[in-house]
Each structure stands twice: as structure tokens, then as C-alpha cells.
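Have a look at the structure below before the remarks.
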Amino acid sequence: MEYTGLINKYKVNRPLTDEERRNRLDPAKRLEVEPNYYSATIRMNSRYLEVADKYYGWKGALTFVTVALLLVGVFTTWVSATIFLGGFAENVDDRTTHLVFGGVPLLMGIALVCALLWLLARECFRLTHYPIRLQRDQRMVHVFRLDGTVLSVPWDKVFFTLGRGNRAFGIQTWDVRGHVLADDRVTVVESFAFALSWPEIAGLHRYWEYVRRYMEDGPGAIVPYTLAYLPIAERRESWAFGLMRLALNLPGLTFVQVIMAPAFLLFSFGRWLAMRTCRIPVWPAHIEAACAIDAGDPFAKDARSNPSQLWKVM
């Protein structure tokens, strides 16, 4: 669970840091690691690769926690309001007590509920996901922003690097981040991140190599590493798929997945709620026209290409 960019915005209108320069990911440089798609690919063909955003994997966890706290906050506010209003009873001697022990908690409760509603809106009432489309033939990157608009920028003009995330639970996480620079090639004016957020740099290099090889070497270079496709391009995921996708946030950590199973189950209900309140993203017509798939494209794959027993390969 890493919400840098979603809760606290990426810092922009600033120069690149020395750390970002040291951690730069050069699209022209091949890393000698095995690519990994980390269950984040939506569809692929000879013209473009479409992948999920960083927040899609854990979507629902924030919603579940926020809704749980909202229930507590609403109940507390209701009790405080009852005590406060009791201060206007006919018994004047009790009025001060009611106002003090009811009014202050009431104001705090209202502030808490407002803050939680703002937090809930980070995942709900937005888009089900914020896809990133890598258009290989024209070397463009199209990214859905959080406000529903689309950023389009040339692949060769994006400064890719490892971005430092928040230290959730004391664990430092990183992501593969793209910075759009001003004409001076120093000032960051906009940022976005790919799907994986992970504490180990090696895993991030494997995901970066997956998207890099598509853009530099073509779809044939990553087809063997793409075992399945997310069924979210044109419809909302099912509750069962959402539960499975939550578990996939901890790849290779079977023991931890078992320990976290109860939490995944609870988060899945929050995920279902969040997805039902969100709109499915629709690419602008000019991008769809530019990304039209050629008939008979041998690399055209999406969720329809998935095996029947999806859980065995994802």
C-alpha cells in the first residue's frame, strides 16, 4: 500500500534531485534481468502496450479502512450531537456540562468525518483505474491523470527514474516513475508512476525492463513474460477477481499471503465498493484512432486470451 501521488501529490515545478539523476533508468540501456509483468498488463499488440497504474493493485484497502473509521466517526458525532443538544434542556444547571462534553467532541467529530470523506474520495467516485498506454509505433506515452484527463508525451522525452515513496509501516518503497520536464530539461512539471511499488530495487528493474523492451524491442520480446491480461479494459472486475488481484500484490511471498488472507478478504469488500462507484476510463477518440490495431495482428492480446483457470497463471 503506497499512496504517494494519490494522497500527497508528487512535487512538481522543482529541479531534478541528485538521487533521481543517480537512479535514472535509460530507455536505451538494456538491463540484464528477466522481465516481469507483475500481473499489471491490460492488453498488448504491435501498436501499443496498455498497463495498469500504481494504485490499481491495492485499490480497496484505503476504502475499507476509511469506511470503517467513518462508521465510528459518524456514531461518535451522533452521540456528541445528542449530548450537545441536551444542553438546551430546561435544566440550566446541566447546560454547561452538556455544552462542554458535547460541543467540543461534536466539532472534532465533524472535522474527522469531513477528513475521512475526502480520503474516501481518493479511491471512490473516480476511475476504476488510470491506464498507461505505451504507443510504440509513434513512441508516445499516454497516461490517465487522477482528474480523468490524459497526458500525452513522447517516450524519448520522459525522464524515467526510481521514485522514493512514503515509508508505510516503516518500509521504504520505490516505484518506476516518469518525469515530464520543462524545456530546460531540469525542471519537473509533471510525474506519473508505473504499476509496481516495491521495497526491492531488483523487482522494479524487472518491471522497468518489461515495459522498456516492449518500446525498444517490440511485443515479441515480452510475450513470453505476459502470462495473463487484466479483464478491466471495458468492464469492472468481479469481486472474486479483485480478491485474487489483492493477493498478487505480494508476489512470491506465499507465507505472507496466507497471513494476510483475512486482511485481503476485508479489503476486497472495500475494493468492490470502490470499483462500483467509479467510471471505467475511456480513451479520447484521437488516441484510439492513432492506436487502431491492424487486422490479423499476431500480437493482439487481451483478457480474451486468458486461460480458463486464470488463478493458476497470474
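The values are calculated or read from the model by the stated rules, or taken from the named source; none is laboratory data. Everything numeric here is computed off the predicted structure, so don't read it as measured data. FYI the Cβ positions are ideal-geometry reconstructions off the backbone, even for glycines, and counts take in every protein chain you see. Note: areas computed on protein heavy atoms with side chains; ligands, DNA, RNA excluded. Shrake-Rupley method; radii C 1.70, N 1.55, O 1.52, S 1.80 Å.
A few notes on this one:
- Of the helices (runs of 4 or more DSSP H) lying entirely inside the range 48-160, those containing at least 3 residues that are modelled with pLDDT of 95 or more and either within 16 Å of the chain's Cα centre (by Cα) or more than 23 Å from Trp198 (Cα to Cα) (or both) span 61-85, 104-120.
- Of all residues in the range 7-47, those that are outside any loop (DSSP other than H, G, I, E, B) and surrounded by fewer than 16 Cβ atoms within 10 Å (Cβ to Cβ) total 8.
- Any hit, the range 198-216, residues being open to solvent by 40 Å² or more (accessible area, probe 1.4 Å) and under 30 Å from Leu117 (Cα atoms): yes
- Verdict on Gly242 being at pLDDT 95 or above, part of a helix (DSSP H, G or I) and within 15 Å of Tyr48 (Cβ to Cβ): no
- Looking at Ser191, Ser197, just one residue is modelled with pLDDT under 95, touching a strand residue (DSSP E or B) at 6+ places or on another chain (Cβ under 6 Å), of a type in the set (S, T, N, Q) and closer than 28 Å to Val153 by Cβ, and that residue is Ser197.
- In a residue-by-residue description of the range 68-82, the property of being buried (at least 21 other Cβ atoms within 10 Å of the Cβ), touching a residue at least 24 places away in the same chain (Cβ under 8 Å) and small (Gly, Ala, Ser) applies to at least one position.
- Once the range 175-184 is narrowed to residues that are in contact (Cβ under 8 Å) with a residue 12 or more places away in the chain and open to solvent by 10 Å² or more (accessible area, probe 1.4 Å), the residue that is farthest from Tyr38 (Cα to Cα) is Leu181.
- Among the residues here, Arg235 does not qualify as open to solvent by less than 60 Å² (accessible area, probe 1.4 Å), touching a residue at least 12 places away in the same chain (Cβ under 8 Å) and closer than 18 Å to Val51 by Cβ.
- Pairs where the first residue, in the range 14-36, is hydrophobic (A, V, I, L, M, F, W, C) and the second is in a loop (DSSP other than H, G, I, E, B), C-beta under 7 Å, 6+ apart: Leu16/Val186
- Residue identified as touching a Pro at 6+ places or on another chain (Cβ under 9 Å) and surrounded by 15 or more Cβ atoms within 10 Å (Cβ to Cβ) among Phe269, Phe299: Phe299
- Residue check for Leu227: under 16 Å from the mean Cα position of the chain (by Cα), of a type in the set (A, V, I, L, M), in a loop (DSSP other than H, G, I, E, B) and on the phi < 0 side of the Ramachandran plot: no
- Filtering the range 241-266 to residues that are open to solvent by less than 60 Å² (accessible area, probe 1.4 Å) and within 28 Å of Met44 (Cα to Cα) leaves Phe241, Gly242, Leu243, Met244, Arg245, Leu246, Ala247, Leu248, Asn249, Leu250, Pro251.
- Extreme residue, farthest from His205 (Cα to Cα), among residues of the range 149-170 that are small (Gly, Ala, Ser) and surrounded by fewer than 19 Cβ atoms within 10 Å (Cβ to Cβ): Ser152
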